[in-house]
1. Shape verdict for the stretch 258-327, please, from the Cα gyration tensor: rounded (a/c under 1.5), prolate (a/b greater than b/c) or oblate.
2. Rounded to the nearest 500, what is the 222 nm mean residue ellipticity of the chain from helices alone, with -39500 (n - 2.57) per DSSP H run of 4+ residues and division by all residues?
3. Can you sort 82, 223 so the residue with the fewest Cβ neighbours within 10 Å comes first?
4. With the chain treated as a Gaussian network of Cα nodes joined by springs under 10 Å, which of 287, 20, 315 yields the largest mean-square fluctuation?
5. Would you mind checking the tilt of helix 113-124 against the longest principal axis of the Cα atoms of the chain, expressed as 0 to 90 degrees and rounded to 10?
6. Please report the antiparallel percentage of the DSSP beta bridges confined to the chain, to the nearest 5.
7. Where does each of 54-67, 200-213 land if you order them by average Cβ count within 10 Å, highest first?
8. From the P(r) of the stretch 50-270, could you give the percentage of C-alpha pairs in the tail past 26 Å?
């Protein structure tokens, strides 16, 4: 009987997107197990490549629009429209660190304003449901840029509008929402993230993530105080407890700003995406799952796509093989999730070479796995 294999890799950051990775694995398995039934289901965590995966799976449309980048420069960016007038917007498309060069990494001033412009474009196309993914941001502005693009004014004691960027929130006094886009009253926003950090404190948006976005120790401390001020003003205005909400610290605090103002649902990205991809049905129909990730580490186990997929497959009694560009983690937790873990490298190599050869190595490893499976079944 032919083996049914579900191929469900995550993106390998800076090396390969999830679709290309799935196709490489499929090519390798196809050479060594030609009669196997191979099903590709690229996955994501609610970050990079979510747009392409969902529009491809649900036969959606990709729209390119004019917006601004994290430093305010004009750019073009894409979002998706799914059946049912649901927009898929990746925050990283307009507010991501990959849009910056070395001199632009300064989260005191970077802004999510361009993402707010993209939401406006989605509203113009008739969308009243927004899926906003929070991975890969270059910002620590508490979502104030998005809110400003949608009509909210952030004012100091003299009623002057604050300059964009999280570093100016220390002098925030109050908000003016009289000019908020009225279409937002009937719009539902679902935020997809894979972290549960609060807004402020040692595990907060600034202390944990600002250094990754270019902040030094002083800037990080300033940003934490700025977000503390923002959280206090928003809680006072909305009557909601926001700063300790799980996920409040994702993408520089975007969830806090939006939750205080609009109709928001916060979801775990990988779980939500797997549900949309009908992953459980595909797992039930397969004999083996093969996934992949750039690095198999503690962050993977905290809720990234391969780990969530492996838990679901384990619950269904299906073995899972993981291919990884880097495998610094060997733990009981990883061993309980994956039946086997294979590194992509077949020889010593530097990082640049490893990234360049990722697709070829995925294909080679998949071929070798197929050969082992064939020998086992002889």
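1. Oblate, since a/c reaches 1.5 and b/c is not below a/b.
2. Theoretical 222 nm ellipticity from helices: -10000 deg cm²/dmol.
3. Fewest-to-most Cβ neighbours within 10 Å comes out as 82, 223.
4. 315
5. 80 degrees
6. If I count the DSSP bridges inside the chain, around 35 percent turn out antiparallel.
7. Result, highest mean first: 200-213, 54-67.
8. Beyond 26 Å sits 28 percent of the P(r) for the stretch 50-270.
Readers should treat all values here as calculations from the given coordinates under stated rules, not as data from a laboratory. For clarity, every value in this text was computed on a predicted model and none was experimentally measured. Cβ sites come from the backbone with ideal geometry, for glycine too, and all protein chains shown count toward neighbours.
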